[in-house]
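Derivation of every value follows stated rules applied to the coordinates shown; laboratory data play no part. The structure presented is a predicted model; accordingly, all values stated were derived computationally and were not measured. With ideal geometry, Cβ positions are generated from the backbone for all residues, glycine too; neighbour counts draw on all protein chains shown.
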Amino acid sequence: MEILDLLTNDAKYLLASMYKAYVEKRKAGSLKKDASHFGSVDNLHHDLMSEWPVEDVLSTCYELKKHGLISGILQVERFLEYLLQLKQSL
């Protein structure tokens with residue numbers, strides 16, 4: 001079973017939104033390390049998912065992290081920053 005098959009529709013939507021933002025940053029000239037950085041859950045909420053309650057963004061980020069699709073630094077029950085995990089094939 002593929003990882004994407006295990007995700008909720010919300011998680012798929014957030015992941016697609018993050019990837020779209022990543023691609024736009026890369027096209028604008030950002031380095032991969034900078035383009036894959038999304039900051040805090042509050043940044044994600046403000047920049048990508050303002051139509052969702054911030055707690056839904058946080059919950060969905062936990063789901064993506066559980067499946068290894070994003071990483072984050074946890075600080076007092078909230079993530080301080082998020083990074084999109086890019087899988088490269090050889």
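Side notes on the structure shown:
- With R₀ set to 22 Å, the beta-carbon distance separating Leu4 from Ala28 gives a calculated FRET efficiency near 0.25.
- When the P(r) is computed for region 1-76, the part past 14 Å accounts for 62% of the Cα-Cα pairs.
- Extension gain for the segment Lys66 to His37, taken as residue separation times 0.36 nm less the Cα-Cα distance, is 8.6 nm to one decimal.
- Contour excess over end-to-end distance, with Cα ends at Ser59 and Tyr19 and 0.36 nm allotted per residue: 12.6 nm
- Counting Lys and Arg as +1 and Asp and Glu as -1 over every other residue whose Cβ lies under 11 Å from the Cβ of Asp10, the net charge comes to -1.
- Near Lys32, once Lys and Arg are set to +1 and Asp and Glu to -1 for all other residues with Cβ below 10 Å from its Cβ, the sum equals +2.
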